[in-house]
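Below is one structure; the comments refer to it alone.
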Amino acid sequence: MKLVFVSGRSGSGKSSALHALEDCGFYCVDNLPEPLLLHLLDTISVSPDFEKTAISVDIRNFDGSPDQLTNTLKTLKQKNIQYQIIFLDSDEDTIVKRYNASRRKHPLSSEQCSLRDAIKLERTVLAPLLNNADLVVDTSTLSVHDLRSLMRTRVATHKQNEVSLLIQSFGFKYGVPTDSDLLFDVRCLPNPYWEPTLRNFTGKDKEIAEFLDKQDSTHQMLNDITQFIERWTPQYQKSGRAYITVSIGCTGGCHRSVYIAEQLTKHFSDIYSEVHLKHTQL
């Protein structure tokens, strides 16, 4: 049985993620009270009709108690129930904007607790799930379509005992992706942005590739990053990690990081069956 828990802060996109898994043939359960969770798992674990199950877990399920979350996870391990936790998150400003747009009430907000305070409190309560998550997804810059696509490609089709590698480029000027497992700064490489004839191209274009390919530092950087990932990915796998997100950053996220991410993806696609590429700023 493939069991996936979808969790995260309210407003981060859990419903959209669950709908994506449902479209992929998962039996999905949303907002199940904690006392019923173990009973449900006992039932579906012996039935062939629930080969793929996804359960949405949020602050409403555990009455705002971190201890309940921790105890439930311990019980699952004691029962030898194998599961994956997908944790969705967004930055505070994005969640506030989403709530203001939807005009819905946050589960923890009240006259004594503002929306921002509720968002911070929720993250504290959900810390056990975040700390045990197999995959953390920052949805701050993702559209609903992007999120559903990610759930299909990285979660629904993911095979047990295989690593899912995401290589993403980004621009430091826009902030560091919070879902990074490994992060490499390539801002020390020559910047095509300062070449007027190259400025409007991206790292996916041959003009940028030719410029960077002429630099010895590019080859040295690419070789070092490749060796690091090759050396340590098997160790991540041995520790039980099924998902690894590698972030490559330059200043604007359009030239150097894109080129390096493209080259890494080509290399590791020959080694692993699940390699995904994302250009955050393109």
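Assorted remarks:
- Subset of the range 128-176 (residues that are more than 20 Å from His19 (Cβ to Cβ), surrounded by 17 or more Cβ atoms within 10 Å (Cβ to Cβ) and either free of Cβ contacts under 8 Å to residues at least 40 places away in the same chain or in contact with a Cys (Cβ under 9 Å, 6 or more places away or on another chain) (or both)): Ser169, Phe170, Gly171
- Residue within the range 81-101 that is at pLDDT below 85, surrounded by 17 or more Cβ atoms within 10 Å (Cβ to Cβ) and hydrophobic (A, V, I, L, M, F, W, C) present: no
- On the stretch given as the range 1-37, residues that are within 15 Å of the chain's Cα centre (by Cα) and closer than 20 Å to Leu121 by Cβ total 6.
- Residues (β-branched (Val, Ile, Thr) and surrounded by fewer than 18 Cβ atoms within 10 Å (Cβ to Cβ)) located in the range 45-59: Val46
- Check on Ala118, farther than 19 Å from Val6 by Cα and either polar (S, T, N, Q) or not assigned by TED's automatic domain parsing to the domain that holds Thr226 (or both): yes
- Only listed residue being more than 29 Å from Ser239 (Cα to Cα) and assigned to a helix (DSSP H, G or I), chosen from Arg152, Arg98: Arg98
- For Leu40, the test of being part of a helix (DSSP H, G or I) and of a type outside the set (Lys, Arg) is passed.
- Boolean, Arg148 is among the basic types (Lys, Arg), under 22 Å from Gly13 (Cβ atoms) and at pLDDT 90 or above: yes
The values are calculated or read from the model by the stated rules, or taken from the named source; none is laboratory data. Treat the numbers as computed from the prediction; the structure is a model and nothing was measured. Note that each Cβ is placed from the backbone with ideal geometry, even for glycine, and that neighbours are counted across all protein chains shown.
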